[in-house]
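Report on one structure; see the data block that follows.
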Amino acid sequence: MRLQVETSKKKLKSFLDPKVAQNLGIFLAGFKMDAEELKFRLAIVSENNGGLGAEQINMLRRYYPTAEDMETYRKFKDRQAELEHADQFMLQLCEIPHLKTRLDVLMVINELPVQYEDLAPHQVNKSLPTISVKSSQVKSSLQVTSSLQVASSRVKSSQDKSATTHQDRPP
């Protein structure tokens, strides 16, 4: 008596474009993180402290499910086993609260130091002429103010002398 072993596998469903599914599969092979760990690591700002790296954040943002995708995947919430691995991951992404906002914030936090370093030398170089121009303007203003004060005191002094001279004269 020969037992027949069923060799046909159940056909898994995929809603992703085949090329996108392949690229996501390649990413997931190196990502090696489940949804629970991802949720935890989304709360850590620095990669040095166990947070996500810039490349990981970029890839997650690239594969972030659209509103239409979310609707489709939510129908399979209780039937994850029927989905391909990449689609299961997409379903897990759909279940992370405020994922898009969290990824955007992490991206800004990661990119800000790099952008600042790129801009800082330009800002310093641009601000130096401004500072020297402003300091020369201040010096000029001080010189003008000083000259005006001297002139004003001379005029006042001559007016005082003139008033004294007029008082000394008989009418």
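Only the coordinates and a few stated rules stand behind these numbers; no lab work does. The structure presented is a predicted model; accordingly, all values stated were derived computationally and were not measured. All Cβ positions, even for glycine, are placed from backbone atoms using ideal geometry, and neighbour counts span all protein chains on display.
Observations on the structure shown:
- Overall form of the stretch 30-122 per C-alpha gyration tensor (a/c, 1.5; a/b vs b/c): prolate
- Taking 0.36 nm per residue of sequence separation and removing the Cα-Cα distance, the residue 75/residue 55 pair yields an extension gain of 4.2 nm.
- Short-range pairs are left out: with C-alpha atoms under 8 Å and at least six residues apart, the relative contact order of the stretch 18-121 is 31 percent.
- Only one residue of 86, 38, 27 has its Cα farthest out toward the positive end of the dipole of the stretch 18-121, where Lys and Arg carry +1 and Asp and Glu -1 on Cβ, and that residue is 86.
- Residues whose placed amide H lies under 5 Å from that of residue 83, excluding near-sequence neighbours: 13
- Pairwise label distance in nanometres, residue 82 with residue 96, each label 7 Å out on the Cα-Cβ vector: 2.6 nm
- Charge tally around residue 33: other residues with Cβ under 14 Å, Lys/Arg +1 each, Asp/Glu -1 each, net -2.
- Extension gain from residue 105 to residue 39, taking 0.36 nm per residue of separation minus the Cα-Cα distance: 22.3 nm
- Within the shell defined by Cβ-Cβ distances under 15 Å, the residues around residue 76 carry a net charge of -1, with Lys and Arg each +1 and Asp and Glu each -1.
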